[in-house]
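In what follows, a structure is listed as structure tokens, so that the remarks can point back to it.
The values are calculated or read from the model by the stated rules, or taken from the named source; none is laboratory data. Because the structure is predicted, anything quoted here is derived from the model rather than measured. Cβ placement follows ideal geometry from the backbone for every residue including glycine, while neighbour counts extend to all protein chains displayed. Note: areas computed on protein heavy atoms with side chains; ligands, DNA, RNA excluded. Shrake-Rupley method; radii C 1.70, N 1.55, O 1.52, S 1.80 Å.
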Amino acid sequence: MTTVLAKIAPAATDMIRNDHARVLTTFHRYKSDASVATKRSLVASLCLALEVHAELEEQIFYPAMASVDTALVGRFIPEHDRMRSLIGELRSADPAEPQYDSRVMELMREVMHHVADEETALLPQAERVLGERLGELGARMMKRRLALMAPHAGELTKHKARATPITTLVLPALALIAGIALFRYVRRQA
């Protein structure tokens, strides 16, 4: 694969680790005392990220690894199924319900267990046995990710804006305004 995508896409194992890190970071942003809108946005983003991640693994990465170790790969499909079940429950639940937070925590536990399994067993083995193929697999996964995410671009933007703390947006703007004012003041003094 000599396309531009093949040159800029990360190796498959790096892409999987990056997905894990982003999802775990989003879980850490979830707070039980957050507004209903913030919870809904964070969980919607998490659910979509997890669904896309699972699809990429099942369609591209797991088949490549199954040619080497079918038993190891077979352990991960039921974990994906359990996560999909929890995602379905969360999508149909109201974030204002008391049990919503416990469902999110249950999903978090499942994901953390899955991440630990993949990062300690599957990914190191993939790096040993797939070697040079990881770049090509990463490019295929990136292409598929773009296709899966494109229909959700507007939804993702909306959820990202709702889940971003106002201080994340206001403080840089205030710093920029202060910097401009300071620049103008110094320029007038010169």
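Among the helices (runs of 4 or more DSSP H) contained in the stretch 27-90, which hold 2 or more residues that are open to solvent by 30 Å² or more (accessible area, probe 1.4 Å) and farther than 20 Å from Ala121 by Cα?
Fully inside the stretch 27-90 and qualifying: 36-56.
Looking at (1) at pLDDT below 95; (2) over 16 Å from Val43 (Cα atoms), can you tell me which one Ala116 breaks?
(1)
Within the stretch 112-134, track down each residue that is part of a helix (DSSP H, G or I), open to solvent by 30 Å² or more (accessible area, probe 1.4 Å) and either touching a Gly at 6+ places or on another chain (Cβ under 8 Å) or farther than 19 Å from Glu79 by Cβ (or both).
Listed by number, the residues that qualify are Glu127, Arg128, Val129, Arg133.
Check off (1) touching a helix residue (DSSP H, G or I) at 6+ places or on another chain (Cβ under 9 Å); (2) surrounded by fewer than 19 Cβ atoms within 10 Å (Cβ to Cβ); (3) assigned to a helix (DSSP H, G or I) for Arg109 and give me the number that stays unchecked.
Only one criterion is unmet by Arg109, namely (1).
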